[in-house]
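Undergrad: My questions all concern the structure below.
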Amino acid sequence: MKENPLAKYGVTEPVKRPKIKPVKKLNLDTPEGKLIVLSEAKRMMQIHKNTFKRLAYL
């Protein structure tokens, strides 16, 4: 029998979990989708603040 690789972390017996297939369907027209777009845009503006500032003055 194969040795448990998680035993060193205190896991005595790993649990078998069902495989979940990823779904690429993402509807951005819903209120939740619009919130995703808004939060991602806000995050990009914070991360790349200086880049957008330089592009504004080209």
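Undergrad: Could you grab me the full set of residues in the stretch 19-51 that are in a loop (DSSP other than H, G, I, E, B), of a type outside the set (D, E, K, R) and over 15 Å from the mean Cα position of the chain (by Cα)? Show your work before the answer.
TA: Filtering the stretch 19-51 down to residues in a loop (DSSP other than H, G, I, E, B) leaves 19-30, 48.
The next check asks that each one be of a type outside the set (D, E, K, R); those that pass are 20, 22-23, 26-28, 30, 48.
Listed by number, the residues that qualify are 20, 27, 28, 30, 48.
Yes/no per residue for (1) surrounded by fewer than 10 Cβ atoms within 10 Å (Cβ to Cβ); (2) at pLDDT below 85; (3) of a type in the set (Phe, Trp, Tyr):
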| position | (1), (2), (3) |
| --- | --- |
| 14 | no, yes, no |
| 19 | yes, no, no |
| 35 | no, no, no |
| 39 | no, no, no |
| 43 | no, no, no |
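Undergrad: Show the residue pairs that are 6+ apart or on different chains and have beta-carbon atoms under 6 Å apart, the first residue being within the stretch 1-16 and outside any loop (DSSP other than H, G, I, E, B), the second being surrounded by fewer than 10 Cβ atoms within 10 Å (Cβ to Cβ) and not aliphatic (A, V, I, L, M).
TA: Filtered contacts from the stretch 1-16: no entries.
The values are calculated or read from the model by the stated rules, or taken from the named source; none is laboratory data. Keep in mind that this is a model prediction, so the values were computed, not measured. Neighbour counts are summed over all protein chains in view; Cβ atoms, including those assigned to glycine, are modelled from backbone coordinates with ideal geometry.
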